[in-house]
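Participant: For reference, the structure I am asking about is given below.
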Amino acid sequence: MDPLIIFNNVSFAYPEKDMVLKNIDLTIHSGEFLTIIGHNGSGKSTLAKMMNGLLLPSEGEVQVSGLDTKNSSEIWKIRQTVGIVFQNPDNQFVAPTVYDDVAFGLENMGLPREEMIQRIDLALQQVSMTSFKDYEPHRLSGGQKQRVAIAGILAMRPKVIVFDESTSMLDPMGRKELLATTKALHDEGFTIVGITHDLEESLQADRVIVMDHGEIALQGSPQEVFQHIDKLKNRKLDVPFSVEMAHRLREKGVPVPEGIWQREELVECLWKLL
Amino acid sequence: MEITVNGLKHTYAQGTPFERHALGPIDLQLPSGSFTAIIGQTGSGKSTLIQHFNGLLKPTSGEIIVGNVKITPKGKAPLRDLRRKVGLLFQYPEYQLFEETVEKDIAFGPTNFDFPPELVHTRVKEAMAFVGLDYDAFKDQSPLALSGGQMRRVAMAGVLALKPEMVVLDEPTAGLDPQGKREILQRLYKLHKAEKWTTILVTHNMEDAARYADRIIVMKDGGIVLDGTPTEVFSKDVELQEMGLDLPEITQFIMELNKNLESPLPTNIFQIEELEKELRKRAMSKGGKR
């Protein structure tokens, strides 16, 4: 896997404020599905906004496909490589129809008309929104709006899509829609970075990073990270229900093996014990 | 404070080409001191319904009786009095903060209702204590410079400072980290008990609905489709899934386990501590027999 985004000893502070990020070293590889979790104020959104130069490091550097985000002449290339889907689906629309909205980002790229049309059609298809192309964005559901926002990014042909708490304002159905879309895009080869409070979302990832007070506190596969119950709870985070229940029973002397992870595993094991 | 809803219907933009029937007919009674969760997809009518409870919307037909105030399509209900008694906490309430300091923001409601200054001061202090914000540390800060969780608490304090008798919470914890969520809900629940509020919680989170509410109402297409205790409502797993709603994780787990058990576990357990106890008891008694 090729390194795509590299954080090299990155620190960040807003003017006259405390450090939000401290000495972050992080490499995100091509094709990876990475989830970043952490309490409110842990620095995870700041980290996300560094990935396409929306924020620039106070110290250290961020490289995207070998380009330094501080290099302002490369910033458009960087933003075409890394797109961010934000939290509030209503704050991301600029055009009167879904189609025009997806076209908006392309209009500054100087592409031939045919190619624009081709890209828009494909992007809408990738998020299953083709039949809504003439809709006014505000008539869509939350999940549909977020999918249109993704299409706008896809039309730019990015390599990385960052989801910055993109499901937190959606209802359960919208959340499922968006998670399915995310997974499909990852399967197509896109690199996915998800910032989230949602456990189910983080379980889909190849790698989970736990942020705490501007530093990376823990990282590894979801299986590895979510076994650290105490470390997570100390950082105001939850663990999956099955992991927590297995841990509680073990503590009380019920012989539940270590490393239980999925609901089915715990059910299987308890069934023999009850 | 009790709420009675009789034959409530609401149509948006009535008499225009954009006319849209959004709600009803709804008949509903919420007794004083009850805690009701309302769940349902976006667009199912939840927000339209709750906006009738303090007169933000008037019914197109039917009536709502909140305490001793009756709201009808044409009537002139004393809404000012109603709005002091019914606290509405909207989604992302931090977007509604606007004053220069935390103290001024929380004092805005009571001042507007002409509370005497000493009373305003007491209420602000009390409300800040309730939501866990230190008065001296926060009173002079700009609300807009606080963290998301702190801003949400300021917004909550603004509602609490009016000492409402009924509280309507619309997704009060969206966007907060797991511990922030728990903290806020536990504080609200404590207040619900202590102040004998009639509480309505609109939520997408089935865990929260199951944990705190004594009654759950499920809405779809502007109507009430399910209404009962958490145990009753979550026993309708097929209907809920068809509506795109989930069961609480703990209920899914119990149901999965019950498939393999001779004597099934009760499905009215919604707290992990309680389920742990039940499982331990069974494991021990079986272990003892061996």
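The values are calculated or read from the model by the stated rules, or taken from the named source; none is laboratory data. The shown structure was predicted, so the numbers you read here are calculated from the model rather than taken from an experiment. Methodologically, a virtual Cβ is constructed for each residue, glycine included, from the backbone with ideal geometry; neighbour enumeration extends over all protein chains shown. Remember, those area values only see protein heavy atoms, side chains included, never the ligands or the DNA or RNA. Shrake-Rupley method; radii C 1.70, N 1.55, O 1.52, S 1.80 Å.
Participant: Scan the range B:227-268 for residues that are on the phi < 0 side of the Ramachandran plot, under 25 Å from the mean Cα position of the chain (by Cα) and part of a loop (DSSP other than H, G, I, E, B) and jot them down.
Facilitator: Answer for the range B:227-268, where residues must be on the phi < 0 side of the Ramachandran plot, under 25 Å from the mean Cα position of the chain (by Cα) and part of a loop (DSSP other than H, G, I, E, B): B:Thr229, B:Ser235, B:Lys236, B:Met243, B:Leu245, B:Asp246, B:Leu247, B:Pro248, B:Thr267, B:Asn268.
Participant: Could you check the range A:193-222 and list, in sequence order, the residues that are modelled with pLDDT under 90 and open to solvent by 50 Å² or more (accessible area, probe 1.4 Å)?
Facilitator: Result: A:Glu200, A:Leu203, A:Gln204.
Participant: Counting only residues that are within 14 Å of another protein chain (Cβ to nearest Cβ) and charged (D, E, K, R), which one in the range A:169-223 is nearest to A:Ala246 (Cα to Cα)?
Facilitator: Applying the filter and picking the extreme gives A:Glu200.
Participant: Okay, moving on. Which ones in the range A:126-141 are open to solvent by 20 Å² or more (accessible area, probe 1.4 Å) and either closer than 24 Å to B:Ser44 by Cα or in contact (Cβ under 8 Å) with a residue 24 or more places away in the chain (or both)?
Facilitator: The answer is A:Gln126, A:Ser128, A:Ser131, A:Phe132, A:Lys133, A:Asp134, A:Tyr135, A:Glu136, A:His138, A:Arg139, A:Ser141.
Participant: Please find, within the range A:223-240, the residue that is least open to solvent (accessible area, probe 1.4 Å) out of those that are charged (D, E, K, R) and part of a helix (DSSP H, G or I).
Facilitator: Ranking the candidates gives A:Lys233 first.
Participant: Of everything in the range A:241-266, what is open to solvent by less than 50 Å² (accessible area, probe 1.4 Å) and farther than 30 Å from A:Ile195 by Cα? Give them in sequence order.
Facilitator: The answer is A:Leu249, A:Val254, A:Val256.
Participant: Hey, another quick one. If we only count strands (runs of 3 or more DSSP E) wholly inside the range A:1-68, which ones have 2 or more residues that are within 14 Å of chain B (Cβ to nearest Cβ) and open to solvent by less than 60 Å² (accessible area, probe 1.4 Å)?
Facilitator: So the answer is A:33-38.
Participant: Moving on to the next point. Got a number for residues in the range B:248-268 being more than 7 Å from chain A (Cβ to nearest Cβ), closer than 26 Å to A:Arg175 by Cα and open to solvent by less than 10 Å² (accessible area, probe 1.4 Å)?
Facilitator: Total meeting the criteria: 3.
Participant: Within the range A:142-176, restricting attention to residues that are hydrophobic (A, V, I, L, M, F, W, C) and part of a helix (DSSP H, G or I), which residue is farthest from A:Glu188 (Cα to Cα)?
Facilitator: Filtering first and then ranking leaves A:Met173.
Participant: Something else about it: Within the range B:277-287, can one find any residue that is exposed (fewer than 12 other Cβ atoms within 10 Å of the Cβ) and outside any helix (DSSP H, G or I)?
Facilitator: No, there is no match, as no residue in the range B:277-287 is exposed (fewer than 12 other Cβ atoms within 10 Å of the Cβ) and outside any helix (DSSP H, G or I).
Yes/no per residue for (1) closer than 28 Å to B:Ser285 by Cα; (2) in a helix (DSSP H, G or I); (3) aromatic (Phe, Trp, Tyr):
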{"site": "A:Gln219", "(1), (2), (3)": "no, no, no"}
{"site": "A:Arg248", "(1), (2), (3)": "yes, yes, no"}
{"site": "A:Val254", "(1), (2), (3)": "yes, no, no"}
{"site": "A:Cys269", "(1), (2), (3)": "yes, yes, no"}
